[in-house]
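S.K.: Okay, here's the structure, questions in a sec.
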Amino acid sequence: MYAMQYEITLPADYDMGIVRNRVATRGHLLDGFPGLGFKAYLMRQTPINQYSPFYVWDDTAGMNRFLWGGGGFHNIVADFGRPPVKHWTGVDQERGRATQARFATRVLAPIPADAELTTVADDATAQLKSSVDNDLVCASVLAIDPYHWELLHFTLWEDLPDDTPGDRYEVLYLAS
């Protein structure tokens, strides 16, 4: 499993209806894309205007096809320029009880240089399994960036409790 996200930051006066329309008319094109676990079409308007799709890939072949094999990323590049693509190696993912993903959170945490990596992964996996025991969680993903040594915890929510930490997004569409 591999997680991937790019962030397209837009001007403060950008009409975010353009992003909503883009997703409404094109989002379904990745339904059934080979190797794609899911794509959450994400947007946020606070504190900045941003279009930030998040992907979970079952394998690198699908991810590669999407990025440089004519699988769709060229449309992003044509419309917005080529953004840097963040990516993480998957540790675990779990489904929750909720069924309609309306919100998402992303928590990024540095892994200290002196941390024992097996313990970090085991503790984070236990926390992931515990976090999906919530009627509001649709799914949660845990991954690590071994270049920056950063832990990613991404969660899809049906409703978002006020005290939920991390970057918050609205889910415009969920392709799987």
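S.K.: Can you sort THR118, THR125 by 1.4 Å-probe accessible area, starting with the largest?
M.R.: So, going from the largest accessible area down, we get THR118, THR125.
S.K.: Which net charge results when you count Lys and Arg as +1 and Asp and Glu as -1 among the other residues whose beta-carbon is under 9 Å from that of THR105?
M.R.: Every neighbour counted, the sum reads +1.
S.K.: Taking square-rooted eigenvalues a ≥ b ≥ c of the alpha carbon gyration tensor, is the range 91-137 rounded, prolate or oblate, where a/c under 1.5 means rounded and, failing that, a/b exceeding b/c means prolate?
M.R.: Verdict is prolate for the range 91-137.
S.K.: With a ≥ b ≥ c taken as the square roots of the eigenvalues of the C-alpha gyration tensor of the range 65-176, please select rounded if a/c is under 1.5 and otherwise prolate if a/b is larger than b/c or oblate if it is not?
M.R.: Here the range 65-176 falls in the oblate category.
S.K.: Moving to a separate point now. Under a crude label model (7 Å from the Cα following the beta-carbon direction), how far is ASP31 from ALA78 in nanometres?
M.R.: 2.2
S.K.: Same structure again: If exposed chymotrypsin sites (Phe, Trp or Tyr not before Pro) are those in a DSSP loop with at most 16 other Cβ within 10 Å, what is the longest stretch of the chain that has none?
M.R.: In short, 15-146.
S.K.: Next question. Measure out, as a whole number of angstrom, how far apart the alpha-carbon centroids of the range 132-176 and the range 44-61 sit.
M.R.: 11
S.K.: A follow-up question, please. One-quarter of the Cα convex hull surface for the range 6-127, in nm²?
M.R.: Value for the range 6-127: 9.5 nm².
S.K.: May I pose another question? On the full set of protein chains, 1.4 Å probe, figure out the accessible area of ARG44 and give it in Å² to the nearest 10.
M.R.: That residue has around 30 Å² of solvent-accessible surface.
The values are calculated or read from the model by the stated rules, or taken from the named source; none is laboratory data. Fair warning: this is a prediction, and the values are worked out from it, not measured in the lab. Neighbour counts are summed over all protein chains in view; Cβ atoms, including those assigned to glycine, are modelled from backbone coordinates with ideal geometry. Each accessible area value is taken on the protein alone, full model and side chains, heavy atoms only, with ligands, DNA and RNA left out. Shrake-Rupley method; radii C 1.70, N 1.55, O 1.52, S 1.80 Å.
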